[in-house]
Every structure is written in structure tokens, then in C-alpha cells.
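Okay, so here's the structure we're looking at.
What follows draws every value from the coordinates through simple rules; no lab data is involved. Nothing here was measured: the structure is a model prediction, and the numbers come from that model. Here the Cβ positions follow ideal geometry from the backbone for every residue, glycine too, while neighbour counts run over all protein chains shown.
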Amino acid sequence: MEPSLTTSIGKIQLDRPAMLASGILGISLDVFNRLYRSGAGAVVSKSLSNEPWEGYPNPTIFSVNGGGWINAVGLSNPGAPNFAKMIESNHDVPIIVSLVGSVPDDFKMMIEEFTNCNVTAFELNLSCPHVAKVGLEVGDDPELVKKIVTTVKNSTNIPTIAKVGLGTTNYLNTVKTAIDSGIDAITAINTVRAMAIDVETQRPILSNKFGGLSGTPIKPIALRCVYEISSKYDIPVIGCGGISTWEDAIEFFLAGASAIQIGSAIGDNWINVFNDINKGILQYMKQKNYSTVNEMVGLAKKF
Amino acid sequence: MRWWDLQRNSNHTTIVTIEKVIDETPTVRTLVFSDSVMSNVLPGQFAMVWIPGINELPMSVMISQESGKAAFTVRKHGVSSTGLFNIVSGEKIGIRGPYGNAFDIKSGKLLLVGGGTGLVPMMRLLTFLKPTDDVTVLIGAKSKNEVFFESLANDLLKNNIHNVIISTDDGSYGENGFVTDVVEKLVNKSHFDAVYTCGPEKMMYKTVQSAHSRGIFVQASLERMMKCGVGICGSCCVGEDLACKDGTIFDGDHLSKNKEFGYSHRNKAGILEDY
């Protein structure tokens with residue numbers, strides 16, 4: 001039987017397992033269509049807030065010697081209402097809408113904006129490491145996570161994913177709180193708080209000083225987190241962090257991820273990366289005789 | 001080229017010292033620095049320029065007449081460009097790149113249309129043309145005191161059949177009226193093998209229309225808000241294209257199908273705004 005790239009992340013069904021990670025390229029429906037045509041199984045929007053945010057001044061990105069990026073774009077986004085209007089006409093692309101906020105009502109209000117939109121899932125950003133009062137600061141507060149996830153689950157029947165990262169508390173507590181509050185899946189991990197200093201001018205390079213490290217340097221950490229979460233809890237996991245090749249993708253499936261997200265690799269290999277990864281996964285499946293992606297999920301845990 | 005330039009990662013910021021500042025007009029300056037990588041970039045390529053403590057801007061790489069050197073030509077406009085404009089000799093800036101594609105170099109009878117600092121890639125393009133090319137450079141400006149690079153263009157073309165035409169909106173110098181009206185006149189009057197343009201978007205839009213509707217090969221270099229320059233942040237999208245990765249140079253044929261070109265651009269939050 002010809003292998004199929006379709007995958008299910010709980011109730012979420014995708015034709016292809018590699019999706020665009022949040023924060024990357026996610027502001028134009030035309031670009032979403034192009035990414036979908038280029039092999040992405042879904043696109044995750046930039047994290048949207050209630051109001052438009054301009055983000056930080058440049059420099060907002062830094063290329064790390066040896067691989068990886070540190071970014072502090074600052075969650076620039078057109079705001080949930082503008083974004084919802086833009087994707088109203090979308091019928092083709094599976095769009096996962098990423099949301100960022102400080103209190104449960106922020107999320108509730110934003111979800112209402114998407115009533116007339118075709119949304120595959122919501123992804124709650126509980127882990128951005130470089131903006132105050134949102135992201136990791138929320139993810140590190142279990143009481144707040146509980147309130148937000150409960151509110152979101154009461155506001156919509158659309159599957160909801162929590163994106164977690166490495167903050168100042170044990171991220172597994174955030175995962176557990178989200179699961180106990182009814183979350184449908186977990187994306188792990190977000191970028192890792194980091195910085196860069198220029199030795200010539202002796203200044204921090206990013207305008208925000210701190211940013212989030214992404215790309216190949218964090219891949220082994222992300223892989224460990226996916227393995228830990230899927231070993232400890234019965235919850236679908238989406239792997240994210242430094243995935244740039246089909247081998248990386250397979251590694252994440254074997255660790256317990258049902259799907260993966262691609263971000264930094266686009267900066268290195270441009271959007272052909274989706275088709276390259278899809279082709280590699282298919283070849284691997286043929287060679288190993290798998291007919292679905294889900295057959296591979298978590299296989300490394302039997303050892 | 002120095003050995004470390006050969007293995008330089010274009011995404012890493014390199015610190016360079018400004019060696020010379022040239023006043024082009026009261027609001028436009030050219031900052032010259034030594035860097036063998038930037039001195040050799042293709043016409044139309046850009047760098048991300050870090051003005052420490054202020055911002056980082058995408059800038060088309062200007063030529064220098066001295067070998068091993070390159071430059072940036074900046075008009076003071078907002079806080080960031082004014083920050084770059086105010087850099088003096090001896091001060092340091094950071095550069096990464098080069099990024100973006102380059103103009104396809106055609107030969108024969110060529111028309112280059114530039115407005116403001118959009119002339120920068122046009123000047124670099126001139127250095128790539130053959131002595132047998134018949135070159136017309138059209139420089140558009142609001143008024144006489146904003147005209148620059150006229151003598152540079154004449155100098156770069158001294159071995160070619162050439163014509164440098166100035167057009168000012170207020171008629172204070174050269175032709176009187178909009179540069180796009182001059183483009184229309186030129187392409188009506190004689191045959192061109194290729195048209196290249198960089199400058200204000202409305203100017204490029206009309207120039208592309210004038211050439212494309214007559215079947216003339218035309219390319220424009222687009223400017224958009226940029227944050228990363230490497231195709232990650234998405235700030236510079238124009239329809240389904242990313243100015244930083246797919247461009248900044250696009251063919252007229254492609255642009256004529258893009259519904260944002262000539263009409264709208266995105267602000268820092270990513271919201272579409274009309275020109």
C-alpha cells in the first residue's frame with residue numbers, strides 16, 4: 001500500500017504532517033495559500049492579540065554562529081479582528097490561529113472574532129519568551145493557565161492547542177494544568193530565551209536585548225520535551241524546534257509527536273523545505289513499510 | 001578579498017567603519033566604507049544595516065568609485081534613516097547580507113528610471129552594462145535641490161552612447177513634470193530592449209505599465225517594511241511574494257498580476273495600507 005502523509009492530532013486531521021510554525025510569514029492569506037501549495041499541511045498564524053501590535057524596533061533577529069536564530073520581533077501582528085476579516089474568504093488552507101493575551105477575557109474576545117472563519121484549531125501562545133505579561137509569563141502561572149484554557153474551551157468547539165516553552169517553572173506543570181483544563185493537544189516547544197552581544201560595539205544586538213533562540217541548536221531540547229510529555233501524559237503532541245530535514249521530522253514522530261512545525265528552517269532553506277521533508281518522510285515510510293504517520297508515533301519509547 | 005570574507009556567513013553582522021560622508025543634497029548623504037563583499041554585490045542586492053542603538057534598515061548597496069569599498073545612500077526621513085544620515089566618519093555600523101536577487105542584465109537600448117534613493121541600484125546597474133549598450137538614465141525629483149547622481153551617471157556612462165535626463169515635478173530643472181510622463185514619451189518615441197526602475201511605488205507602477213503594455217522587458221525593485229531580511233518574519237510580503245526572498249526585483253509580467261503592487265503595502269503590525 002502506498003504510504004499516506006495524513007495525520008491526526010486528536011480531532012485535528014491534516015493531509016500532511018509538517019505545518020508552518022507560529023510567528024513565521026504568517027500575515028497574508030496569499031502567502032498561506034502559497035505555503036499550502038508548497039507542501040505545508042497547515043499554517044499557524046502569527047500570535048494575534050486583541051489590538052494590532054507593531055512589535056519591537058530592529059534589530060529583531062540575529063543569526064547565531066554555528067546555526068540558529070535569536071529573534072525578538074515582539075509579537076507584531078495586525079490584531080485578531082483584522083486577521084479574522086482577512087481569512088474570512090479562506091476555504092482551502094487549514095489555518096491554525098495562534099492567540100496571545102494576558103487574561104482569559106482577551107482570548108474569549110478574540111475567539112468570537114473568528115465565528116465566520118474556517119479555523120482548523122486555535123493555538124494558545126503560553127510561551128513567547130520576550131514580551132512582558134503574555135507568553136511565558138502566563139505559561140509560568142498555573143492558575144492563569146487553568147483559567148485561560150477553561151475559558152477558551154467554554155467559548156469554542158474548535159480544537160485548542162497549548163504551545164508551551166521553557167520558562168522559570170517546570171513546563172510539565174503547565175502541560176498538566178492545560179490537560180486538566182481540557183486542552184486538546186500540546187505544541188512543544190517555543191523559542192528559548194537568549195541574547196547576543198556585539199564585541200566591537202559591546203552592545204546587546206537585539207533592540208529588546210533578550211529574544212528567543214530557535215533553529216537547530218534547540219532541536220535536541222525540543223525532542224526531549226516531546227518525548228517527556230508524550231511519555232507522561234495521554235495527549236497528542238506537535239513537535240516544534242529546529243526541525244529542518246525529514247530525518248528530524250521522523251525523530252520527532254518516534255519521540256511521540258503526531259505532527260511537526262517548521263520555522264527557522266525557512267530562513268535557511270526557504271519554503272521548499274516542506275516538499276523536501278514530505279518527500280523524505282514518504283520514502284522512509286515506504287522503506288520501513290508504514291502506511292500512516294500515526295503508526296510511527298512514539299515508537300522510540302518502547303526501548 | 002580577504003580570506004575571512006570568503007567564509008563569511010552573510011547572516012552574521014559585520015561591523016564596518018564609515019570612512020567618508022558625501023553630501024548629495026541637503027537631505028541625502030552617501031556613507032562610504034571598506035568591505036570587499038559589499039563592494040562586489042550584484043545590482044539590486046541589499047544589506048540590513050544596523051545603526052547601533054537606533055534601528056536596523058534594509059538598504060540597497062551603493063557603489064564606491066574606489067575598489068574594495070561600498071556605500072549606503074540615505075535620505076533622512078524618519079528616526080531610523082535620520083540616525084543613519086547623522087553617522088559621521090569614524091563611526092561604526094553593522095551590516096549583514098547581501099540579500100535579495102539582482103536585475104537581469106540585458107543589452108542593447110536600455111532605459112533606467114530612478115527616483116530619490118531608488119537611484120542607488122540604478123548606479124550599480126550602470127557598472128554592469130557593456131560599452132556597446134545605448135543607455136538612457138531618467139532621474140525623477142520633486143525639485144532642483146533634490147537632484148543627485150546626475151554627474152555620477154554621466155561619468156559611469158562616458159564610454160557609452162548615453163543620455164541622462166532629469167525631470168522635476170516643479171519644473172525647476174530639466175524636464176517639467178512627472179517622471180512617468182517622460183517614460184511614456186520615451187517608450188512611445190523609440191524602441192527599448194529593457195527598462196529598469198526603482199523609486200516611489202507609484203512611479204514604478206506607471207513605468208512598469210508603460211513598458212509592459214508595449215511588450216518591453218521591465219523589472220522593478222520593490223521596497224517594503226522589513227524586519228528580518230531572510231524570509232522568516234513575513235513583514236515584507238507583497239501578495240504571495242516576499243520582497244526579501246523572492247525579490248526585491250520582480251519582472252513586469254509577474255508584477256502585473258500582483259494585486260498589491262502599486263496599491264498597498266503593510267505597516268509594522270502587518271496591516272495593509274493604501275499608497
- Query: Given a cut-off of under 8 Å on Cα pairs at least six residues apart, what relative contact order in percent is computed for chain A?
  - Reply: 20 percent
- Task: Please work out how much length the chain gains when fully extended from A:Glu295 to A:Ser89, using 0.36 nm per residue of separation minus the C-alpha to C-alpha distance, in nm with one decimal.
- Result: 70.7 nm
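Rounded to the nearest 0.05, what FRET efficiency do B:Ser89 and B:Asn160 give with R0 = 35 Å and r taken as the Cβ-Cβ distance? Could you check?
Details: r = 33 Å, r/R0 = 0.94.
Here the calculated transfer efficiency is 0.60.
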- Taking springs between alpha-carbon atoms closer than 10 angstrom, which of B:Val37, B:Val208, B:Val137 fluctuates most in the Gaussian network model of chain B? B:Val37
- Cα point-scatterer Debye curve for the range B:3-99, base-10 log of I(q)/I(0) at q = 0.12, 0.16, 0.20 Å⁻¹: -0.33, -0.59, -0.95
- Query: Cα-Cα pairs above 23 Å in the range B:109-274: how many percent?
  - Reply: 39 percent
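Taking each residue of B:235-247 in turn, how many C-beta atoms of other protein chains fall within 10 Å of its C-beta, and what is the average? Numbers along the way, then the final one.
Values: counts 7, 0, 7, 3, 6, 9, 4, 7, 0, 0, 5, 3, 0.
Per residue, the number of nearby Cβ atoms from other chains is 4 on average.
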- Message: Distances longer than 17 Å among the Cα atoms of the range B:73-128: what percent of all pairs is that?
- Response: 57 percent
- Query: If each of B:Tyr263 and A:Val103 carries a label point 7 Å out from its Cα toward its Cβ, how far apart are those two points in nm?
  - Reply: 4.0 nm
- Residue by residue through the range B:232-239, the couplings from Karplus 6.51 cos²θ - 1.76 cosθ + 1.60 with θ = phi - 60°, in Hz, x for Gly and Pro, are 9, 7, x, 4, 9, 5, 10, x
- Query: Just from the alpha-carbon atoms, what are the Rg and Dmax of the range A:156-221 in angstroms?
  - Reply: 16.1, 54
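Taking the square root of 5 times each eigenvalue of the Cα gyration tensor, what semi-axes in Å does the equivalent ellipsoid of the range A:115-173 have, largest first?
22, 12, 10
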- Item | Residues of the range B:138-174 with amide N under 19 Å of the 7 Å Cα→Cβ point at B:Asp193 | B:138, B:157-164
- Note on the structure: Per-residue average of other protein chain Cβ atoms inside 10 Å, peptide B:260-270 -> 4
- Could you list which residues have their amide H under 5 Å from that of B:Arg266, counting only those 5 or more apart in sequence or on another chain, with H placed in the peptide plane? B:Met225, B:Glu273
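Restricting the count to DSSP beta bridges whose residues both fall in chain B, what percent are antiparallel, rounded to a multiple of 5?
On the way: 37 of 64 bridges.
Antiparallel bridges: around 60 percent, rounded to the nearest 5.
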- Item | Shielding by other protein chains, A:191-204, mean Cβ within 10 Å | 2
- In nm, the gap between the two label points placed 7 Å beyond Cα toward Cβ at B:Thr132 and A:Glu200 is 4.2 nm
- Message: Need the C-alpha centroid separation for the range B:61-75 versus the range B:127-184, integer Å.
- Response: 19 Å
- Query: What cysteines in the protein assembly as shown have no other cysteine with a beta carbon less than 4.7 Å from their beta carbon?
  - Reply: A:Cys117, A:Cys128, A:Cys225, A:Cys240, B:Cys198, B:Cys236, B:Cys237, B:Cys244
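Report D for chain A in µm² per second (integer): Stokes-Einstein, Kirkwood Rh on Cα pairs, 4 °C, 1.567 mPa s. Present the calculation step by step, with values, prior to reporting the outcome.
On the way: Rh = 19.0 Å.
In µm²/s, the coefficient is 68.
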- Item | FRET efficiency for B:Ser213 and A:Arg37, using Cβ-Cβ distance with R0 set to 41 Å, rounded to 0.05 | 0.90
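Efficiency by 1/(1 + (r/R0)^6): what FRET value for A:Lys288 and A:Phe210, r their Cβ-Cβ distance, R0 = 45 Å, to the nearest 0.05?
On the way: r = 42 Å, r/R0 = 0.93.
After rounding, the FRET efficiency stands at 0.60.
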- Note on the structure: In order over the range B:49-59: 3J(HN,Hα) from phi, Karplus 6.51/-1.76/1.60, θ = phi - 60°, whole Hz, x for each Gly or Pro, gives 10, 8, 9, x, x, 10, 5, 9, 10, x, 9
- Task: Determine, at each q value in 0.05, 0.06, 0.13 (inverse angstroms), the log₁₀ of I(q)/I(0) that the Debye formula gives when each Cα of the protein assembly as shown is one equal point scatterer.
- Result: -0.23, -0.33, -1.25
- Message: How much of the DSSP bridge set in the protein assembly as shown is antiparallel, in percent, rounded to the nearest 5?
- Response: 50 percent
- Where a label projected 7 Å from the Cα of B:Ile22 along Cα→Cβ would reach, residues of the range B:152-166 with amide N under 13 Å: B:152-157
- Message: Quick one: the Cα spread of the range A:1-109 along its three principal axes, in angstroms, biggest first?
- Response: 52, 42, 26
- Highest-MSF residue in chain A out of A:Leu213, A:Leu20, A:Leu144 [GNM, Cα springs under 10 Å]: A:Leu144
- Amide H partners (placed H, <5 Å) of B:Lys142, local residues excluded: B:Asp169
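Out of all DSSP beta bridges with both ends in chain A, state the antiparallel percent to the nearest 5. The partial results should precede the final answer.
Details: 16 of 42 bridges.
Within chain A, antiparallel bridges account for around 40 percent of the total.
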- Query: How large is ³J(HN,Hα) for each residue in the range A:128-138, as worked out from phi by the Karplus curve 6.51 cos²θ - 1.76 cosθ + 1.60 (θ = phi - 60°), to whole Hz, x for Gly and Pro?
  - Reply: 4, x, 9, 10, 5, 6, 9, x, 4, 5, 6
- Please build a GNM for chain B, connecting alpha carbons under 10 Å apart, and tell me which residue among B:Val179, B:Val230, B:Val49 fluctuates the most. B:Val230
- Message: Please list, ordered by chain and number, the residues whose modelled amide H lies under 5 Å from the amide H of B:Thr248; skip anything fewer than 5 residues away on the same chain.
- Response: B:Asn101
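Mind ordering B:221-227, A:2-8, B:25-31, A:182-188 by average Cβ neighbours within 10 Å, highest first? List each step's numbers first, then the result.
Values: B:221-227: 22.4, A:2-8: 16.4, B:25-31: 18.3, A:182-188: 25.1.
Descending mean neighbour count gives A:182-188, B:221-227, B:25-31, A:2-8.
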- Task: Quick one: P(r) of the range A:131-250 from all Cα-Cα pairs, 5 Å bins, percents rounded to integers, in order of increasing distance.
- Result: 2, 11, 19, 20, 18, 13, 9, 5, 2, 1, 0
- Task: Using label points projected 7 Å from each Cα along Cα→Cβ, tell me how many nm separate B:Ser34 and B:Lys185, to one decimal.
- Result: 4.6 nm
